[in-house]
Amino acid sequence: MRYVLRYAMVGVLFVAGGFAARAHADVVISGTRVIYPSQEKEVTVKLNNQGSSPMLVQVWMDDGDDKVTPEKAKTPFTLMPPMFRMEPGKGQAVRVVYTGESLPADKETLFWFNMLEVPPKPKDTEGRNLLQFAFRTRIKFIFRPANLAGIPGDAYKQLSWKLVNDKNGKGLALQATNASSYYVNFAHVGLKINSQREVDQGGMVAPGATAVFPLSKVRDRPSGDVKATFDVINDYGAVAEHDVALGS
């Protein structure tokens, strides 16, 4: 998930006379999610500046509130370093250390790793309108206790699926109930109707929880051979398609 934040969000907004804007992030995070096994003393998140300019980078964690500021975010982790300069073409390793506060031992806990990159102010802006942006990247950070039952990659097998009415009562949705101790993440969720896939963007379902996924491409209850179909994203970002029978 990416957010584009005006410099005003970090105390700087530079606008001056043509129009130009940097429209993409230069600093990238290695991987689409981070798994923190509870038995490890720390994990490392690797960043790389793929741009041609140095960047000021700030990193922090949150527990689900994407509006919370770095100063007010409260999580049981310390990030080192929390702010740094990255030269073009260079990498940076961010150490994440669990500080030991109590977390559930029977299921995973979800946090979010945030990275904000701020480009340097251009030296020569005469005669141009220049609107600069800071870019924020936010990825899942999952704390995984030791000795959880089952295998993370098999958690999707403990999902049960039902076809239900959506919250407005005007369409259909798929309801997934997760009996495992792991988060299950989806790239897509939908129905396979007589071998034809009709899918929407996915999401995730927490351990021991239920999630509902609206179906924008299926308006009426289908007949024939109907299954739930979904693309699971594993710990490494790989995607695999699965089909299962619907429950009643």
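Please treat every number below as a calculation from the coordinates, not as lab data. Computed from a predicted structure; not experimentally measured. A quick note on method: Cβ atoms are made from the backbone with ideal geometry, for glycine too, and the neighbour counts reach across all protein chains shown.
Quick notes on this structure:
- Neighbour-count ranking [beta-carbon atoms within 10 angstrom, fewest first] of T229, T177: T177, T229
- Ranking Y182, G150, V118 by Cα position along the charge dipole of the chain, where only Lys, Arg, Asp and Glu carry charges on their C-beta atoms, puts V118 farthest toward the positive end.
- Computed E for R197/A93 - FRET, C-beta separation, R0 41 angstrom, nearest 0.05: 0.55
- Inter-label distance for N168 and S52, nm, one decimal - labels placed 7 Å from Cα along Cα-to-Cβ: 4.6 nm
- Taking a point 7 Å from the Cα of T44 along the Cα-to-Cβ direction, the residues of region 85-115 with backbone N closer than 14 Å to it are 91-97.
- Computed E for D243/Q158 - FRET, C-beta separation, R0 22 angstrom, nearest 0.05: 0.90
- What you get for region 152-245, charging only the Cβ of Lys and Arg (+1) and of Asp and Glu (-1), is a dipole of about 360 debye around the Cα centre.
- Among the trypsin sites (Lys or Arg not before Pro) in region 167-248, those located in a DSSP loop and surrounded by at most 14 other Cβ atoms within 10 Å of their own Cβ are K167, K170, K217, R219.
- For the pair D220 and A149, a Förster radius of 51 Å applied to the C-beta separation gives a FRET efficiency near 0.85, rounded to the nearest 0.05.
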